[in-house]
Amino acid sequence: MDSDAGGPRTPPSLRFQGIAASQGIAIGHAVIFRAPQERLLHWRSVPPPERPHHLERYQNARKVLLDSIRAGMNLAAGALPEAMAIVESYELIISDPAIEGTITHRILGEGMPAEVAVSTVYDAHIHALANASDPLLRERRYDLENIRQKLVAALLSPSATSESLRDAIIVAPSLLASDVLQYHDQGARGIVTEVGGISSHACIVARTLGMPAVIGIRNATRLLDDNVQVIVDGTNGLVLVSPDETTTAHYRALRQIRTHHRPIHSEIVTTTDGIAIPVYASVDSPDDVPFALAQGADGIGLVRTEFHLVHLNHFPSEQEQTAWYRAIVERAYPKPVTLRIFDLGSDKVIAGMPHEQNPALGLRGLRFLLRRRDLLSAQLRAILRASAQQTVRLLAPMVTTMEEVETLLTLLESAKQELRDNREPFDDRIPLGIMVETPAAALLADQLAGHVAFFSIGTNDLTQYTLAADRTSNLVAYLFDQLHPAVLRLLQMIVSAAKRRGIHAELCGDLATFLSATELLVGLGIRALSVAPTSIPALKEKISAINAAQAERLLEHALATSDSAAIRALLNNQHLSP
């Protein structure tokens with residue numbers, strides 16, 4: 001934190017348009033975390049007798065940062081277990097032997113001052129990630145940049161701030177997920193950052209915590225002053241600085257509506273005109289299931305089975321997979337569980353996968369598994385074994401052709417026959433669904449619906465492929481808009497095809513968590529949603545206040561518009577943001 005006394009004072013009533021990264025409204029005083037003034041361009045070689053002191057300074061700064069990150073891990077373990085893997089990854093970066101060894105050599109062998117050694121070594125890794133072909137790897141450069149800044153800041157200004165963060169709006173160049181956890185625990189209300197993508201670790205944790213966040217406000221740390229009043233509108237991507245009393249009162253009223261006590265609905269909720277809409281949980285492991293059920297989940301709508309691979313140093317055997325899937329099914333029983341087969345490729349790679357220039361458009365999802373039928377068949381058998389209690393559904397990701405579905409059905413029947421031959425119990429009528437997350441699948445929805453039991457619409461990928469906007473890129477993040485009229489029309493096409501064929505169209509992805517869009521989704525005919533467990537209570541309450549017939553009329557107005565701004569204005573006029 002830096003007072004930056006020589007900088008300009010914040011003028012009254014500023015309004016910044018950024019990128020909505022985590023929904024909600026936060027009102028508080030700004031606390032500015034500025035990047036350290038590193039002054040690293042001109043430095044002198046450290047004499048050999050003084051070099052051990054610089055190494056000690058680096059080791060002390062490293063310890064301070066590790067202690068901070070471990071504090072974040074403790075918070076995640078207690079309150080947000082799904083964030084543990086994210087925070088653990090920071091410790092792995094800081095403790096990376098290659099990074100540590102190079103920094104030590106730069107200090108002791110080359111005579112670099114500690115802050116210069118840290119900066120140059122991390123900069124090299126950041127540059128490599130910035131030029132990676134994998135979009136999620138490019139996104140992770142923000143984590144390394146933040147770690148570098150924190151280490152350099154600890155070296156240049158070793159005394160930590162004791163300023164209270166209660167009711168604060170954190171304004172920073174970027175943040176780590178562990179920062180978000182700690183600032184939230186210390187009473188901070190919202191987040192504003194200069195850079196980052198909506199798929200960054202910090203944004204994922206902010207959404208899970210329900211902490212409003214807006215990203216992409218250029219030069220925010222220079223344009224704002226400490227203690228100035230700030231409103232963060234994380235639903236519309238707005239940051240209001242020094243708002244007048246009328247504006248503040250308006251946002252306080254909206255916040256009160258959004259944050260009042262929400263009961264936990266343990267049963268499936270219905271709209272006011274009697275349409276039942278289950279709200280499922282999206283999870284990554286068996287450990288997530290009890291918390292999801294406690295939040296009122298009507299089942300598990302998406303198990304990202306590829307996350308089983310994250311903590312293993314080997315590919316799980318068929319027996320290990322069976323045990324893992326059974327653990328999820330048994331913890332959720334008697335509620336339904338949807339197991340998505342490995343969605344590998346793009347941001348999730350394993351040994352042996354080919355290097356691609358554009359992996360998001362390459363060998364990923366079902367495409368990859370059909371190339372590796374040994375992996376696919378083993379997973380199908382493991383899932384079938386876990387389905388014996390008849391509460392399991394099977395879901396295939398990244399489908400673009402009818403041939404892919406037909407081949408998958410053939411392989412599924414072969415897996416069933418192997419279990420029959422071995423007299424192993426399983427659900428012979430296990431429902432098979434597909435992720436509809438490409439324009440190709442949307443345009444073929446009528447034909448695809450004749451071969452599967454349900455659609456699960458993945459709005460994150462559907463939006464990025466429809467709008468040709470990499471959802472992990474800060475440069476085009478302003479184009480990534482799940483309320484774009486083109487996206488809504490594709491959603492209508494998908495749901496209409498499902499209705500004609502007599503199957504359900506469900507929705508997962510970030511759009512399902514946007515309470516401002518819930519009435520539109522009901523109007524479209526979406527009849528189940530899958531979201532992060534922490535989003536379930538508010539979403540269920542929202543659904544229970546919606547009239548489906550009125551929602552259909554609202555949808556007609558939305559589809560008649562030609563731009564996202566008009567759709568958002570329509571939603572705001574309907575007071576849809578709880």
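Quick look at the values:
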quantity	calculated
Selection within segment 511-526 - modelled with pLDDT under 95 and either hydroxyl-bearing (Ser, Thr, Tyr) or not in a helix (DSSP H, G or I) (or both)	THR513, PHE514, SER516, THR518
Residue ranges of helices (runs of 4 or more DSSP H) in segment 170-274 with at least 2 members buried (at least 20 other Cβ atoms within 10 Å of the Cβ)	177-185, 201-209, 220-223
Any chance VAL531 is β-branched (Val, Ile, Thr), more than 18 Å from the chain's Cα centre (by Cα), in the same structural domain as ILE457 (by TED's automatic domain parsing) and crowded, with 24+ Cβ neighbours inside 10 Å	no
Inter-residue pairs, beta-carbon under 9 Å, first in contact (Cβ under 8 Å) with a residue 40 or more places away in the chain and of a type outside the set (Phe, Trp, Tyr) and in segment 84-110, second surrounded by fewer than 13 Cβ atoms within 10 Å (Cβ to Cβ) and outside any helix (DSSP H, G or I), 6+ apart	ALA85/HIS311; GLU110/SER45
Qualifying residue in segment 60-83 (condition: among the small types (Gly, Ala, Ser), modelled with pLDDT of 90 or more and not in a helix (DSSP H, G or I))	no
Single condition ARG553 does not satisfy, out of (1) farther than 15 Å from HIS265 by Cα; (2) surrounded by fewer than 16 Cβ atoms within 10 Å (Cβ to Cβ); (3) touching a residue at least 40 places away in the same chain (Cβ under 8 Å)	(3)
Candidate set from segment 39-59 (those that are among the aliphatic types (A, V, I, L, M) and surrounded by 13 or more Cβ atoms within 10 Å (Cβ to Cβ)); member that is modelled with the highest pLDDT	LEU55
Filter pass, HIS105 being more than 25 Å from the chain's Cα centre (by Cα), surrounded by 14 or more Cβ atoms within 10 Å (Cβ to Cβ) and modelled with pLDDT of 85 or more	no
Top-ranked residue of segment 364-404 - restricted to ones that are touching an Asp or Glu at 6+ places or on another chain (Cβ under 7 Å) and of a type in the set (S, T, N, Q), ranked as surrounded by the fewest Cβ atoms within 10 Å (Cβ to Cβ)	GLN390
Any hit, segment 435-449, residues being assigned to a loop (DSSP other than H, G, I, E, B) and more than 18 Å from LEU490 (Cβ to Cβ)	no
Identity of the residue in segment 8-38, hydrophobic (A, V, I, L, M, F, W, C) and modelled with pLDDT under 85, that ends up farthest from LEU144 (Cα to Cα)	LEU14
Residue within segment 242-258 that is touching a Lys or Arg at 6+ places or on another chain (Cβ under 8 Å), at pLDDT 90 or above, not basic (Lys, Arg) and not assigned by TED's automatic domain parsing to the domain that holds ILE300 present	no
Search result, residues across segment 504-522 that are surrounded by fewer than 23 Cβ atoms within 10 Å (Cβ to Cβ) and over 24 Å from ASP233 (Cβ atoms)	HIS504
Residue within segment 288-299 that is surrounded by fewer than 17 Cβ atoms within 10 Å (Cβ to Cβ) and modelled with pLDDT under 90 present	yes
Selected residue [touching a residue at least 24 places away in the same chain (Cβ under 8 Å) and assigned to a loop (DSSP other than H, G, I, E, B)] from THR534, THR561	THR561
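Matching residues to (1) in contact (Cβ under 8 Å) with a residue 12 or more places away in the chain; (2) buried (at least 16 other Cβ atoms within 10 Å of the Cβ); (3) of a type outside the set (Val, Ile, Thr); (4) under 23 Å from LEU515 (Cα atoms):
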position: ALA281; (1), (2), (3), (4): yes, yes, yes, yes
position: SER285; (1), (2), (3), (4): yes, yes, yes, no
position: GLY301; (1), (2), (3), (4): yes, yes, yes, yes
position: ARG304; (1), (2), (3), (4): yes, yes, yes, no
position: PHE307; (1), (2), (3), (4): yes, yes, yes, no
position: HIS314; (1), (2), (3), (4): no, no, yes, no
position: ALA323; (1), (2), (3), (4): no, no, yes, no
position: ILE328; (1), (2), (3), (4): yes, yes, no, no
position: ALA332; (1), (2), (3), (4): yes, yes, yes, no
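The values are calculated or read from the model by the stated rules, or taken from the named source; none is laboratory data. Bear in mind that the values here come from a model prediction, so they are computed numbers and not experimental data. For neighbour counting, all protein chains shown are included, and Cβ atoms are generated from backbone atoms with ideal geometry for every residue, glycine included.
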